[in-house]
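Novice: Below are the structure tokens for one structure; questions will follow.
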Amino acid sequence: MAKRRQKKRTHAVVTPEQTQGIPKSMVIRVGQTSLSNHSLNQLVKDFRQIMQPHTAIKLKERKSNKLKDFIVMSGPLGVSHLFMFTQSEKTGNVSLKIARTPHGPTISFQVLDYSLGKDIKKFLKRPKSLKASDVLDPPLLVLNGFTNIKNKNKTSDDNEDITNENVEKVVVSMFQNILPPLNPSRIQLSSIKRVFLINRDQATGEISMRHYFIDIREVDISKNLKRLYKAKNNIHKSIPNLHRKEDISSLILDHDLGAYTSESEIEDDSIVKVIDQNRISTQNLAKANKKQKNDENDAEEEAEDENIEDNIKQAFHQNIPTPKKKAVKLTEVGPRLTLKLVKIEEGICSGKVLHHEYVRKTSAEIKLLEKRHAEKMRLKEQRRSEQEKNIERKKSVKEAKKQRKLARREQRKLDEQNGETNMHQDSESDNGSDSEDDENNYQDVPEDIDSDLFSEVEE
């Protein structure tokens with residue numbers, strides 16, 4: 001039987017070494033209030049579409065799940081980032097926390113407003129729905145508005161500028177590492193189909209998130225030629241209606257204004273020139289050299305060399321592809337989020353607050369808080385050690401009790417075995433004494449008692 005062919009180029013097996021440096025994420029909801037909010041549930045699903053393909057798209061949270069459960073499972077699954085959506089029970093405000101596992105830090109944002117993907121599609125004239133092939137590769141991350149603090153006009157103290165600069169570095173580093181880096185020399189442009197835009201407003205400090213789909217269309221080709229090209233590649237596409245055309249040339253050479261206008265109202269700024277990088281084949285150059293040699297056999301060597309060079313240049317210019325005009329259009333697919341930075345803390349939602357946007361502490365207050373935290377950690381460690389000692393003591397008492405119980409059970413078995421042997425010996429001694437008594441009782445009976453009883457009958 002012939003061996004089945006395996007596709008190695010398009011169905012290449014990804015090795016663990018290749019997936020080791022790729023960041024993976026989990027988008028979850030935390031809290032009882034957030035689990036019962038249907039709108040927040042849909043927002044989590046839409047945000048998972050942004051982070052595809054390296055995210056848990058079918059993850060289901062339960063009311064019994066705690067944050068610790070997801071942190072514990074992030075290690076074996078190789079998860080590097082956690083996106084946690086929570087809703088306050090008192091105010092109803094929605095917040096987003098981005099944490100780097102396993103050691104942090106955690107950045108907390110307040111979600112000022114958000115729009116779901118289905119809401120955005122209602123207001124678009126031609127909405128776009130993502131297919132399975134559109135999310136096979138991660139989106140292109142674009143950061144805008146995150147500039148260096150030193151470049152601005154200094155209107156405050158130097159310490160505050162340094163603090164703001166450090167905060168911005170942490171935020172930018174967190175956003176840059178949520179998606180895998182791109183290698184311009186290896187990546188294919190056709191694989192980039194989405195854009196994840198994170199824009200920061202310089203005046204208010206608000207951060208807006210947008211998710212777009214990249215659509216590339218040719219501008220120089222008319223609509224009729226586009227329909228013919230699509231009908232050639234896809235049999236389900238219908239060809240243009242030719243009943244009003246006298247000839248095929250009237251269809252191709254139709255230079256009406258409506259034939260070249262785009263349906264998507266493409267702006268002039270979005271039109272770019274693209275050149276296909278096709279290498280010039282060496283066969284064409286060899287043919288040019290051979291033809292020139294056959295025609296110029298009697299010419300001098302210098303003139304022949306000059307003509308060969310001219311032919312090579314001519315063949316080179318003939319093989320250079322002409323640039324084509326293509327329009328790049330971005331269609332928003334959602335969701336939209338507007339965030340406001342609240343605080344940055346160590347660890348995963350449990351650690352020292354490194355920066356707070358609304359609360360400022362003096363150095364004395366910070367030292368006092370650190371002292372209280374150290375005392376609290378000391379008491380916690382002391383209670384933990386006492387609890388471990390109590391557990392060991394209870395285990396030792398339980399083990400001793402179990403050993404005593406086993407010893408009593410063994411002793412009971414030995415006693416039962418000894419009792420059975422004594423009873424057997426007593427029964428044997430009783431049987432021997434009974435036989436001796438019977439013999440002693442019948443010693444006085446004469447031996448011929450039977451002959452005397454039946455002697456008369458025989459006569």
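The values are calculated or read from the model by the stated rules, or taken from the named source; none is laboratory data. All values reported here derive from a predicted model rather than from experimental measurement. Quick reminder, even Gly has a Cβ in these numbers, built from the backbone with ideal geometry, and neighbours come from all protein chains shown. Remember, those area values only see protein heavy atoms, side chains included, never the ligands or the DNA or RNA. Shrake-Rupley method; radii C 1.70, N 1.55, O 1.52, S 1.80 Å.
Novice: So if we plug the beta-carbon distance of residue 244 and residue 133 into 1/(1 + (r/R0)^6) with R0 = 25 Å, what FRET efficiency do we get, rounded to 0.05?
Specialist: 0.10
Novice: Let me know the charge dipole size of segment 34-193 about its Cα centre in debye, to the nearest 20, where only the beta-carbon of Lys, Arg (+1) and Asp, Glu (-1) is charged.
Specialist: With Lys and Arg at +1 and Asp and Glu at -1, about 920 debye.
Novice: My understanding is that a pair violates if its Cα-Cα distance is over 20 Å; which of 223/324; 68/371; 128/232; 97/361; 97/169; 45/128 do that in this structure?
Specialist: 68/371; 128/232; 97/361
Novice: While we're here: Starting from 0.36 nm per residue, how many nanometres of slack lie between residue 237 and residue 398 once their C-alpha separation is accounted for?
Specialist: So the chain would gain 50.1 nm between residue 237 and residue 398.
Novice: Could you give the size of the charge dipole of segment 363-409 about its Cα centre, using +1 on the Cβ of each K and R and -1 on the Cβ of each D and E, expressed in debye and rounded to the nearest 20?
Specialist: For segment 363-409, the charge dipole is close to 740 debye.
Novice: Heavy-atom accessible area of residue 46 with all protein chains present, probe 1.4 Å, nearest 10 Å²?
Specialist: Approximately 20 Å² for this residue.
Novice: Rounded, prolate or oblate: pick one for segment 363-409, where a ≥ b ≥ c are the square roots of the eigenvalues of its C-alpha gyration tensor, a/c under 1.5 means rounded, and failing that, prolate if a/b is larger than b/c, else oblate.
Specialist: Here segment 363-409 falls in the prolate category.
Novice: While we're here: What ³J(HN,Hα) values, in whole Hz, does the Karplus curve 6.51 cos²θ - 1.76 cosθ + 1.60 give for segment 165-172 when θ = phi - 60°, with x put for Gly and Pro?
Specialist: Once rounded to whole Hz, the list reads 5, 5, 4, 5, 4, 5, 5, 5.
Novice: Next question. Could you pull out every residue, at least 5 positions away or on a different chain, whose amide H is within less than 5 Å of the one on residue 354? Hs are placed 1.01 Å off N in the peptide plane, and Pro or chain starts have none.
Specialist: Residues meeting the amide H criterion: 344, 345, 346.
Novice: Right, another one. Give me, ordered by chain and number, the residues 5 or more places off residue 334 or on other chains with an amide H under 5 Å from its own placed amide H.
Specialist: The answer is 211.
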